[in-house]
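Written out below as structure tokens is the structure these notes cover.
The values are calculated or read from the model by the stated rules, or taken from the named source; none is laboratory data. Just so we're clear, the structure is a prediction, and the values are computed from it rather than from any experiment. Because the Cβ atoms are built from the backbone with ideal geometry, glycine has one as well, and the counts that use them run over all protein chains shown. SASA here: full protein model, heavy atoms, side chains in, ligands and nucleic acids out. Shrake-Rupley method; radii C 1.70, N 1.55, O 1.52, S 1.80 Å.
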Amino acid sequence: MNRELYDKADDHTPKFVSKPGITESLVRFISNQKNEPGWMLQKRLQGFELFKKTSVPTWGPDLSGLDLNKIVYYTDPNTKETQNWDDLPQEIRDTFDKLGIPEAEKNLFMGVGAQYDSNVVYHNLHESLKKQGVIFENMDVAVQKYPNLVKKYFMTQCIPVNDHKFIMLHAAVWSGGTFIYVPKNVKVSLPLQAYFRMNQKDGGQFEHTLIILDEGAELEYIEGCSSPRYQQSSLHAGCVELIVMPGAKMCYTSIENWSKNVYNLNTKRAIVHKDARVEWVNGNMGSTRTMLYPTSVLIGEGASSESVGIAFAGEGQDQDTGSKVIHAASNTKSVIIAKSISKTGCSSYRGLVKVMPSAKNVSSTVQCDALLMDGGQTKTYPYMQVAQKDVKVSHEATVSRVNDDQVRYLQSRGLSEDDARKYIVSGFVEPIVRSMPFEYAVELNKLIELEVTGL
Amino acid sequence: MLKINCSVSVKDKKILDNVSLSVKPGTIHVVMGPNGAGKSTLSHAVMGDDRYTVEGSIKMDGDELTSLPMDERARKGLFMSFQYPVEIPGLSMKKFLRAAYKSVHGDITVMDFKKVYDTASKSLGVHTKYVNDGASGGQKKRNEMLQLKVLNPKYALLDETDSGLDVDALKVVAQTVKDAVQDGCGVLLVTHYLKFLEYLQPDDVTVIVNGRVVEQGDIKLAQKIEVEGYSGY
């Protein structure tokens, strides 16, 4: 395996590529292309108006290299959505084959979706789940087929349109993504997966994921992301909204392996009801800049959240990641475990634990571990806002290096210096990798190996 | 035969001066000496720790080792049990040892390796998940013996492996060393305690004081030291 697998552009000619930059007519064009109802167009226009008025946030990583006027906001691949991989244009099929998606579908998943630039090109759900009433659709299709659910939850209570600059942009130009509804008490036994591939030069990808788990439902969802490497910047500003109803359990895993010209400014949030649980598992390997803080809003008593993440920052990378939890109800629990490896680049933990005045008997644990290599940097911004006495909140942070004694020790057993470093780093990330599905754990380990040995 | 004929310095400071000794396959050569005599320096330098500068020759079965890095020495069949084994959080002992085994002995399947590993860890009473992570001093020494057993080296440098062990652990460690010697392993045992030698019968004894070899002999020399100490040198 080598980096080229992800970084090489495919030879695909899209059907339509918008001119760089965003205008109201482009927003209208996208909505029109998708034949959207008026309320969705209104939402887009509202997002666009807010976006124009709002400045780029400056509290985080340096985003000055991102020229929003040069981004291509909409690229329609030259293919219709299909349920059969063989229907895809050969070059797109080849790409997903190389990434191992069709193979993984056969063995590991009960449903798979694949997005190429702005649109979903493949979607399939296991027959048994369809029978149980599970909905797994391209987000564009869901707007048409399930207007009531979408209208109720799409960028309303979870992530409103005015949330921040890149959410406003997302609302204006979103395209593709996933819509999932799991009915009451249906437990999906194998994960559903989506893969997002951005191929367009100077492109932007703005997929929207909305997942609703009804009471007592269970789902594991996995997303993978990659893009080829170009000289110019690309932008990914996705939006993930999870509605986890009472007693439901959601596990959301994502491995974001964007190439190093991508600005990954992504927003993920879950509304977690009574006795429900959400688990976030995040791997951020690629991108020049990442700003991503999966958030759990625990609004029901007994709700819980766990967020585990690993970020890797190599040359020229600034990974600003973390997690937020809002404890808005009593007896709620949260755990955040964030690990980062900085090898010449910079990774920061930025997180928030907020306990509302009415929330009693809350417990929250935050653990951040940073590993530094070759002059890498790390920063930690652990915000805590606790408005209640009856809480147990803890934060622990460690910074370590791959030390020479460790390397020597492994070398004395016959491992080369490179291998020794690789093994030490794999040990550091082990607690995170352990919570990932096997194939993803393997992929993440390989990616880290690749980055650590600097090939 | 492991033949050592060298001087060793650290940052231009000479620690060992013309030390000459050899370890025959299937025997135990004990290096004794007071604190600060340079005993640990000897084992580190022979293993190839790059913080030590070696002048002279270290030959293993005829191969000159002095210019080789640690990992190549290990691949030729040299092993060192550390006085202070290093902790590597999260790294599975089994995964790491399989990688080490492969680099020393060539490929081995997961199943075959599991047998080797399980047999060794059972006989030592070792249940370790990660490499020395959070282990007590005694557990770490047992982990070193686990690695010795699994990697089955031609020559082993045991740097104060007996220090900090209780009697039970001492017996387990001694048995591991005996087994290795019986299998033909040549052992260079660095110690400044004599208790260990009640369990092991060394073939050769070298006494180092202030970086120089002051006397060489057999078990009788060790017994003499036990009575007289090092003050006579």
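Brief remarks follow.
- Residues located in the range B:102-140, provided they are of a type in the set (S, T, N, Q), within 14 Å of chain A (Cβ to nearest Cβ) and either open to solvent by less than 30 Å² (accessible area, probe 1.4 Å) or not in a loop (DSSP other than H, G, I, E, B) (or both): B:S103, B:N132
- Subset of the range B:86-99 (residues that are open to solvent by 10 Å² or more (accessible area, probe 1.4 Å) and more than 7 Å from chain A (Cβ to nearest Cβ)): B:E87, B:S92, B:K94, B:K95, B:R98
- Subset of the range B:50-85 that is open to solvent by 60 Å² or more (accessible area, probe 1.4 Å) and not in a loop (DSSP other than H, G, I, E, B) - its residue that is nearest to the other protein chains (Cβ to nearest Cβ): B:R75
- A:Y349 vs. criteria touching a Lys or Arg at 6+ places or on another chain (Cβ under 6 Å) and of a type in the set (F, W, Y): no
- Restricting the range B:165-195 to residues that are under 14 Å from the mean Cα position of the chain (by Cα) and without any contact (Cβ under 8 Å) to a residue 60 or more places away in the chain, the residue that is most open to solvent (accessible area, probe 1.4 Å): B:K178
- Selection from the range A:50-77 of residues that are open to solvent by 20 Å² or more (accessible area, probe 1.4 Å) and among the acidic types (D, E): A:D62, A:D67
- Check on A:V407, β-branched (V, I, T) and surrounded by 16 or more Cβ atoms within 10 Å (Cβ to Cβ): yes
- Among the residues of the range B:196-216, the ones that are open to solvent by less than 90 Å² (accessible area, probe 1.4 Å) and either in contact with a helix residue (DSSP H, G or I) (Cβ under 7 Å, 6 or more places away or on another chain) or on the phi > 0 side of the Ramachandran plot (or both) come to 10 in all.
- Residue-level analysis places A:K379 among those that are more than 28 Å from A:E220 (Cα to Cα), away from every other protein chain (no Cβ under 14 Å), touching a Phe, Trp or Tyr at 6+ places or on another chain (Cβ under 9 Å) and open to solvent by 30 Å² or more (accessible area, probe 1.4 Å).
- Across the range A:410-455, the qualifying residues are those that are assigned to a helix (DSSP H, G or I), open to solvent by less than 30 Å² (accessible area, probe 1.4 Å) and more than 30 Å from A:L108 (Cα to Cα), and the one among them that is nearest to the other protein chains (Cβ to nearest Cβ) is A:Q411.
- Checked against (1) touching a Phe, Trp or Tyr at 6+ places or on another chain (Cβ under 6 Å); (2) closer than 30 Å to A:K422 by Cβ; (3) of a type in the set (D, E, K, R), A:D318 passes all but a single condition, namely (1).
- Annotation note: of A:E315, A:E301, A:E279, the sole residue that is touching an Asp or Glu at 6+ places or on another chain (Cβ under 8 Å) and part of a loop (DSSP other than H, G, I, E, B) is A:E301.
- Scanning the range A:247-263 for residues that are assigned to a strand (DSSP E or B), closer than 22 Å to A:E439 by Cβ and open to solvent by less than 10 Å² (accessible area, probe 1.4 Å) gives A:M250, A:Y252, A:T253, A:S254, A:I255, A:E256, A:N257.
- For the range A:55-78, a tally of residues being without any contact (Cβ under 8 Å) to a residue 60 or more places away in the chain and more than 23 Å from the chain's Cα centre (by Cα) returns 1.
- Looking across the range A:391-412, the residues that are without any contact (Cβ under 8 Å) to a residue 24 or more places away in the chain and in contact with a strand residue (DSSP E or B) (Cβ under 8 Å, 6 or more places away or on another chain) come down to A:Q406, A:Y409, A:L410, A:S412.
- When A:A359 is tested against the conditions (1) within 14 Å of chain B (Cβ to nearest Cβ); (2) at negative phi; (3) in a loop (DSSP other than H, G, I, E, B), the lone failure is (1).
- Filter result (open to solvent by 20 Å² or more (accessible area, probe 1.4 Å), among the polar types (S, T, N, Q) and outside any loop (DSSP other than H, G, I, E, B)) within the range A:78-102: A:Q90
- Only one entry in A:V240, A:V278 is under 20 Å from A:V150 (Cα atoms) and out of contact with any helix residue (DSSP H, G or I) (no Cβ under 8 Å at 6 or more places or on another chain), namely A:V240.
- All positions within the range A:301-322 that are over 30 Å from A:M245 (Cβ atoms), in contact with a Cys (Cβ under 9 Å, 6 or more places away or on another chain) and either surrounded by fewer than 24 Cβ atoms within 10 Å (Cβ to Cβ) or not hydrophobic (A, V, I, L, M, F, W, C) (or both): A:Q317, A:D318, A:Q319, A:D320
- Residue in the range A:393-400 that is in contact with a helix residue (DSSP H, G or I) (Cβ under 7 Å, 6 or more places away or on another chain) and buried (at least 16 other Cβ atoms within 10 Å of the Cβ) present: no
- Strands (runs of 3 or more DSSP E) enclosed by the range A:150-246 - at least 2 residues per element that are surrounded by fewer than 23 Cβ atoms within 10 Å (Cβ to Cβ) and of a type outside the set (A, V, I, L, M): A:218-226
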